[in-house]
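> Supplied in structure tokens, the structure appears directly below.
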């Protein structure tokens, strides 16, 4: 049992953490969500079909936890997390610009409707395949493709609009 | 392939999800599809900026296994033991009391509980003013304590 947990953390831990971090913008909150995901997976392992990969199931739990977090903290705006801005910018000016761009990215992401945001996060942050996203969100393949396309389009347009001001 | 694939199929090619040779060849040879492909690449690179290299802290697995190993508090068991203890001690101290409870049936038990409830209510009515004074005094004491604590927290007591 412990080995299964260890393997799951090794394979999916960081990807779930990144998803939660982008969702919440807070590294402690993201660690809590990641830990709760594995804890729930461990407690309900009898519900898990071992003939299938654990990824989509874990991401389903993580997404539900993130949604709960969003529901409980609706009035708290998601803030920019330093954890994402670890790129070694050469000088202070570049560092400042990178920080500003990151801030704009987070703001823009959180302006997107949640149905598009989730698909984008699962694809671009957690690097799931279409099939895995379908499984994690209980959606039809066409719907995933559609939301991904519309979400990406909205994100790019909103980013272009925002970055004109930097 | 004569007909152009739709934008979602081209997107699937770009994401590495659609591996059909026919579609790939068509995109390479069709000017408008190549343009759609280029536009989609722009959307993908914008969204790719969300990706990160953030990793879980080293002690994450240790904390997780500690939580997994921790046994949940057996609330049901504790409640059952407490009930059994109360029942047995009542029986041992006054066997007739439990026998009465068991003999009167549900209606007898309900009327007994209601009797006690009204008795207590009458008693409280008699002691009304006394309880009012006690409650008000407690509230005032608590408020003073809380206000004092707030002053300490906000630093108003400093200096």
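Each reported figure results from applying straightforward, stated rules to the coordinates on display, with no laboratory input. These figures come from a predicted structure and were not determined experimentally. A quick note on method: Cβ atoms are made from the backbone with ideal geometry, for glycine too, and the neighbour counts reach across all protein chains shown.
> Could you compute the FRET efficiency for residue A:71 and residue A:161, with r as their C-beta to C-beta distance and R0 at 35 Å, rounded to 0.05? Before the final figure, lay out each step's value.
On the way: r = 28 Å, r/R0 = 0.81.
It comes out at approximately 0.80.
> Send over the per residue convex hull volume for the range B:1-130, Cα only, as a whole number of Å³.
On the way: hull volume 58.9 nm³, N = 130.
Residue-normalised Cα hull volume stands at 453 Å³.
> Considering only C-alpha atoms, what is the centroid distance from the range A:109-166 to the range B:24-103, in Å?
24
> Could you give me D for chain A, from Stokes-Einstein at 4 °C and 1.567 mPa s, where the hydrodynamic radius is the Kirkwood radius over C-alpha pairs? Units µm² s⁻¹, please. All intermediate terms of the calculation are to be shown ahead of the outcome.
On the way: Rh = 16.9 Å.
Approximately 77 µm²/s, per Stokes-Einstein.
> Could you work out, residue by residue across A:27-37, how many beta carbons of other chains sit within 10 Å of that residue's beta carbon, and then give the average as an integer?
Numbers: counts 3, 0, 0, 2, 6, 0, 0, 3, 7, 2, 1.
Across A:27-37, the average partner-chain Cβ count within 10 Å equals 2.
> If eta is 1.306 mPa s and T is 10 °C, what Stokes-Einstein diffusion coefficient results for the range B:61-126, Kirkwood Rh from Cα pairs, in µm²/s?
Once the numbers are plugged in, D ends up at 100 µm²/s.
> At q = 0.22, 0.24, 0.25 Å⁻¹, what log₁₀ I(q)/I(0) does a Debye calculation on the Cα points of the range B:1-57 give, no solvent, two decimals?
Log10 I(q)/I(0), no solvent term: -0.81, -0.92, -0.98.
> Stokes-Einstein D for the protein assembly as shown at 37 °C, 0.692 mPa s, Kirkwood Rh over Cα pairs, in µm²/s? Write down the numbers at each step before the final one.
Values: Rh = 25.7 Å.
Stokes-Einstein gives a translational diffusion coefficient of 128 µm²/s.
> Same structure again: Set the Förster distance to 35 Å, then compute FRET efficiency between residue B:34 and residue B:58 from the Cβ-Cβ distance, nearest 0.05.
Working: r = 47 Å, r/R0 = 1.35.
In this case the efficiency is close to 0.15.
> Measure off 7 Å from each Cα along the Cα-to-Cβ vector at residue A:97 and residue B:86, then give the distance between these two points in nanometres to one decimal.
It is 7.2 nm.
> How large is the helix-only mean residue ellipticity at 222 nm for chain A, computed as the sum of -39500 (n - 2.57) over DSSP H runs with n ≥ 4, divided by its residue count, in deg cm²/dmol to the nearest 500?
Working: 7 runs with 116 residues, N = 166.
Helix-only estimate at 222 nm: -23500 deg cm²/dmol.
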